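Colleague: Once you've had a glance at the structure underneath, I'll fire off some questions.
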Amino acid sequence: MDETNPPWTRPMPDEQFDLMRRILAAPSPVGLEGAMTYGVLKPYFESFAPDDWHIHQFKGHAGIVLDSHPGRDDLLKVMIIGHADKIRMQVRSIGDDGKIWINTDAFLPTVVVGHEVKLFSEDPENPGSYRTIEGGTVEALGAIHFADPAVRSGEKGIKKEQIYLDLQIHGENKKQQVLNLGVRPGDSILLDRPIRPGFSPNTFYGAYLDNGLGCFVTAEVARLIAEAGGTRQVRMLYAIASYEEIGRFGSRVLAGELKPDVLIGVDVNHDYVAAPGIGDKRMQPLEMGKGFTLAVGAIASEQLNRIIASTAKQYNIPMQRDIVGADTGTDGMAGVLAAVDCAATSIGFPIRNMHTISETGNTQDLLAAIHGLTRTIQALDSLPDPHREFLDNHPRLDQANPLNHQGSAKPDEEKPES
């Protein structure tokens with residue numbers, strides 16, 4: 001690595017950007033994550049993993065885990081988790097007029113109106129076989145002319161019960177036309193927006209950055225560690241989980257099954273500086289383009305955070321401190337939710353417009369996360385005894401040193417020389 005021009009200061013290479021785009025493009029709504037895990041990530045893992053590494057598969061969900069030292073429970077087990085599941089809309093019912101009424105899940109109703117979508121329908125005559133319907137749009141009112149004055153002025157919003165999918169059905173027996181397609185309640189619907197480079201340098205936008213980006217980062221860390229010769233004292237578990245968007249159920253299964261000693265959730269975060277209308281909430285000023293974020297609070301391990309932060313400082317990798325309160329809100333909670341004793345934390349990358357069709361991110365933040373995690377793993381692997389590092393070094397606030405007032409209120413550059 002060129003230390004004078006490290007990767008996180010440069011544009012993302014085209015080949016790497018294409019990998020990210022393919023991961024994000026995989027249709028993997030909650031419960032149907034196999035397109036991302038088995039269609040994109042498993043083949044990618046297999047393309048670089050040494051022969052003695054192993055991919056764990058599971059019965060109840062489509063999560064996968066790339067294991068660097070299968071069976072070596074004596075090593076420090078470190079699990080990095082991204083989640084493959086995307087928030088999705090679902091068919092709720094079919095109206096006599098051909099409207100397909102849908103649930104909006106974790107989308108605000110107003111952000112989906114007018115957008116193109118893909119509907120994934122299971123063939124009623126051939127269970128387990130799916131078809132794709134394209135060309136439909138999500139609607140609510142049909143036209144401004146049919147909205148009451150309060151909706152026109154913005155005083156009143158759109159309710160989730162008003163949202164429907166329009167397949168432009170017309171003519172006689174409209175409901176039957178939809179039924180003839182095999183569309184049924186429960187069918188998944190995804191926004192149809194590919195990932196594209198943004199206008200500003202090192203940016204990109206599109207749907208479902210949450211959380212294909214965490215899977216992309218996890219996969220790239222695995223590749224870099226494999227290319228560097230692997231680890232000696234650390235058993236790496238590169239995990240791609242499911243069910244995060246409905247309660248982080250998939251990651252807690254992975255933690256419960258493999259019982260990591262260290263767990264790092266990797267997920268998107270918010271660009272609070274750019275978020276409209278929250279200035280009075282005085283959020284931590286996380287910002288896109290200023291590096292990855294590190295969670296402080298909740299179950300975040302101070303020992304693990306110290307190693308990550310020290311490593312980032314050593315290599316001048318940009319990092320932002322994130323305050324998470326009682327819950328990280330990510331798969332970083334998987335260990336405690338699965339009742340597994342592990343040192344855990346969560347890292348992320350600020351994005352804008354989360355849970356919309358135009359989520360926006362910065363490639364240099366991703367590269368900072370990839371290389372920050374890679375260097376952290378190598379730092380853990382170089383410890384004299386990685387297990388004792390976490391057993392013996394819990395912070396002791398009763399041993400904190402007193403801090404006196406520091407004197408001058410002038411900025412450092414204005415202080416006189418001593």
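Colleague: Of these, LEU304, LEU366, LEU337, which one is surrounded by 24 or more Cβ atoms within 10 Å (Cβ to Cβ) and either under 13 Å from ILE264 (Cα atoms) or in the same structural domain as TYR238 (by TED's automatic domain parsing) (or both)? Lay out the reasoning, then the answer.
Modeller: Numbers: LEU304 fails: surrounded by 24 or more Cβ atoms within 10 Å (Cβ to Cβ); LEU337 fails: surrounded by 24 or more Cβ atoms within 10 Å (Cβ to Cβ).
Criteria check complete, one pass: LEU366.
Colleague: If the requirement is being in the same structural domain as ALA369 (by TED's automatic domain parsing) and in contact with a Gly (Cβ under 9 Å, 6 or more places away or on another chain), which of these qualifies: GLU46, GLU33?
Modeller: GLU33
Colleague: Just one of ILE80, ILE87 is touching a Ser or Thr at 6+ places or on another chain (Cβ under 6 Å) and in contact (Cβ under 8 Å) with a residue 40 or more places away in the chain; which is it? Break it down into steps so the answer makes sense when it comes.
Modeller: Numbers: ILE87 fails: touching a Ser or Thr at 6+ places or on another chain (Cβ under 6 Å).
Answer to the selection: ILE80.
Colleague: Of everything in region 80-130, what is of a type outside the set (A, V, I, L, M, F, W, C) and part of a strand (DSSP E or B)? Give them in sequence order. If you could, list the steps in order and put the result at the bottom.
Modeller: So the first thing to find is which residues in region 80-130 are of a type outside the set (A, V, I, L, M, F, W, C), and the list is 82-83, 85-86, 88, 90, 92-93, 95-99, 103-105, 109-110, 114-116, 118, 121-130.
Within region 80-130, GLY82, HIS83, LYS86, GLN90, ARG92, SER93, ASN103, GLU116, LYS118, SER121, GLU122, TYR130 qualify.
Colleague: If you check ILE163 against the conditions, is it on the phi < 0 side of the Ramachandran plot, modelled with pLDDT under 95 and not assigned by TED's automatic domain parsing to the domain that holds ALA26?
Modeller: Working: on the phi < 0 side of the Ramachandran plot: yes; modelled with pLDDT under 95: no; not assigned by TED's automatic domain parsing to the domain that holds ALA26: yes.
When the stated conditions are applied, ILE163 does not pass them.
Colleague: Taking helices (runs of 4 or more DSSP H) that do not extend beyond region 324-418, which have at least 3 residues that are touching a Phe, Trp or Tyr at 6+ places or on another chain (Cβ under 8 Å)? Steps first, answer last, please.
Modeller: On the way: elements: 334-337, 363-381, 386-391.
So the answer is 363-381.
Colleague: Can I ask one more? So, THR363, is that one polar (S, T, N, Q), in contact with a strand residue (DSSP E or B) (Cβ under 9 Å, 6 or more places away or on another chain), under 30 Å from LYS77 (Cα atoms) and at pLDDT 95 or above or not? Break it down into steps so the answer makes sense when it comes.
Modeller: Details: polar (S, T, N, Q): yes; in contact with a strand residue (DSSP E or B) (Cβ under 9 Å, 6 or more places away or on another chain): yes; under 30 Å from LYS77 (Cα atoms): yes; at pLDDT 95 or above: yes.
So THR363 fits the description; yes.
Colleague: Being over 30 Å from GLY198 (Cα atoms) and in contact with a Pro (Cβ under 6 Å, 6 or more places away or on another chain), is that true of even one residue in region 355-368?
Modeller: Step one: list which residues in region 355-368 are over 30 Å from GLY198 (Cα atoms), which gives none.
No, because not a single residue in region 355-368 is over 30 Å from GLY198 (Cα atoms) and in contact with a Pro (Cβ under 6 Å, 6 or more places away or on another chain).
Colleague: Suppose the filter is crowded, with 20+ Cβ neighbours inside 10 Å, at pLDDT 95 or above and in the same structural domain as ASP187 (by TED's automatic domain parsing); does ILE94 pass it? Write out each step before concluding.
Modeller: Values: crowded, with 20+ Cβ neighbours inside 10 Å: yes; at pLDDT 95 or above: yes; in the same structural domain as ASP187 (by TED's automatic domain parsing): yes.
For ILE94, the condition - crowded, with 20+ Cβ neighbours inside 10 Å, at pLDDT 95 or above and in the same structural domain as ASP187 (by TED's automatic domain parsing) - is met.
Colleague: Take SER121 and decide whether it is hydroxyl-bearing (Ser, Thr, Tyr), farther than 30 Å from ARG22 by Cβ and either out of contact with any helix residue (DSSP H, G or I) (no Cβ under 6 Å at 6 or more places or on another chain) or surrounded by 15 or more Cβ atoms within 10 Å (Cβ to Cβ) (or both). Give the steps one after another, and end with the answer.
Modeller: Values: hydroxyl-bearing (Ser, Thr, Tyr): yes; farther than 30 Å from ARG22 by Cβ: no; either out of contact with any helix residue (DSSP H, G or I) (no Cβ under 6 Å at 6 or more places or on another chain) or surrounded by 15 or more Cβ atoms within 10 Å (Cβ to Cβ) (or both): yes.
Taking the combined requirement at face value, the residue does not satisfy it.
Colleague: Next question. Are any residues in region 233-291 of a type in the set (Asp, Glu), part of a loop (DSSP other than H, G, I, E, B) and surrounded by fewer than 20 Cβ atoms within 10 Å (Cβ to Cβ), and if so, which ones?
Modeller: Of region 233-291, the ones of a type in the set (Asp, Glu) are 244-245, 257, 261, 267, 271, 280, 287.
Okay, now just the ones that are also part of a loop (DSSP other than H, G, I, E, B), so 261, 271, 287.
Correct list: GLU287 only.
Colleague: Would you mind telling me which numbered condition in (1) farther than 30 Å from LEU76 by Cα; (2) part of a helix (DSSP H, G or I); (3) within 31 Å of the chain's Cα centre (by Cα) ALA150 fails?
Modeller: (3)
Colleague: Considering (1) free of Cβ contacts under 8 Å to residues at least 24 places away in the same chain; (2) farther than 25 Å from LYS259 by Cα; (3) assigned to a loop (DSSP other than H, G, I, E, B); (4) within 25 Å of the chain's Cα centre (by Cα), say which one SER47 fails and leave the rest.
Modeller: (3)
Colleague: Another question about this same structure. Determine which member of the set ASP18, ASP74, ASP67 is free of Cβ contacts under 8 Å to residues at least 40 places away in the same chain and either within 22 Å of GLU227 (Cα to Cα) or among the small types (Gly, Ala, Ser) (or both).
Modeller: Working: ASP74 fails: either within 22 Å of GLU227 (Cα to Cα) or among the small types (Gly, Ala, Ser) (or both); ASP67 fails: free of Cβ contacts under 8 Å to residues at least 40 places away in the same chain.
The match here is ASP18.
Colleague: Another question about this same structure. When VAL253 is evaluated against the numbered criteria (1) under 30 Å from MET79 (Cα atoms); (2) touching a strand residue (DSSP E or B) at 6+ places or on another chain (Cβ under 7 Å); (3) of a type in the set (Val, Ile, Thr), which criterion, by number, is the only one it fails?
Modeller: (2)
Condition check ((1) surrounded by 15 or more Cβ atoms within 10 Å (Cβ to Cβ); (2) small (Gly, Ala, Ser); (3) at negative phi; (4) part of a loop (DSSP other than H, G, I, E, B)) across all residues:
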{"position": "VAL40", "(1), (2), (3), (4)": "yes, no, yes, no"}
{"position": "PRO43", "(1), (2), (3), (4)": "no, no, yes, no"}
{"position": "ASP51", "(1), (2), (3), (4)": "no, no, yes, yes"}
{"position": "ALA62", "(1), (2), (3), (4)": "yes, yes, yes, yes"}
{"position": "LEU66", "(1), (2), (3), (4)": "yes, no, yes, no"}
{"position": "GLY71", "(1), (2), (3), (4)": "no, yes, no, yes"}
{"position": "VAL78", "(1), (2), (3), (4)": "yes, no, yes, no"}
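Colleague: Still on this structure, please answer the following. Going by the conditions given, is LEU179 modelled with pLDDT of 95 or more, outside the structural domain of LYS290 (by TED's automatic domain parsing), under 17 Å from ALA106 (Cα atoms) and among the aliphatic types (A, V, I, L, M)?
Modeller: Numbers: modelled with pLDDT of 95 or more: yes; outside the structural domain of LYS290 (by TED's automatic domain parsing): yes; under 17 Å from ALA106 (Cα atoms): no; among the aliphatic types (A, V, I, L, M): yes.
Judged against the criteria, LEU179 is not a match.
Colleague: Please count how many residues of region 292-316 are touching a residue at least 24 places away in the same chain (Cβ under 8 Å) and assigned to a helix (DSSP H, G or I). Give the derivation first.
Modeller: Narrowing region 292-316 to residues touching a residue at least 24 places away in the same chain (Cβ under 8 Å): 292-305, 307-308, 310-312, 314-316.
Of the ones still in play, those that are also assigned to a helix (DSSP H, G or I) are 302-305, 307-308, 310-312, 314.
Here the count works out to 10.
Colleague: Taking region 184-216 as the region of interest, how many residues are over 18 Å from GLY329 (Cα atoms) and part of a helix (DSSP H, G or I)?
Modeller: First, the residues of region 184-216 that are over 18 Å from GLY329 (Cα atoms): 184-207, 216.
From what is left, the residues that are part of a helix (DSSP H, G or I) are 216.
Count: 1.
Colleague: Among the residues of region 160-201 satisfying the criterion of being of a type outside the set (A, V, I, L, M, F, W, C) and buried (at least 20 other Cβ atoms within 10 Å of the Cβ), which is farthest from the chain's Cα centre (by Cα)? Steps first, answer last, please.
Modeller: Taking region 160-201 and keeping what is of a type outside the set (A, V, I, L, M, F, W, C), we get 160-162, 164, 166, 168, 170-177, 180, 182, 184-188, 192-194, 196-198, 200-201.
With buried (at least 20 other Cβ atoms within 10 Å of the Cβ) added as a condition, the list becomes 164, 187-188.
On the way: TYR164: 27, ASP187: 23, SER188: 20 Å.
Once the filter is applied, the top-ranked residue is TYR164.
The values are calculated or read from the model by the stated rules, or taken from the named source; none is laboratory data. Note that the structure is predicted; figures quoted are calculated from it, not measured. Cβ: placed from backbone, ideal geometry, glycine included. Neighbour counts: every protein chain shown.
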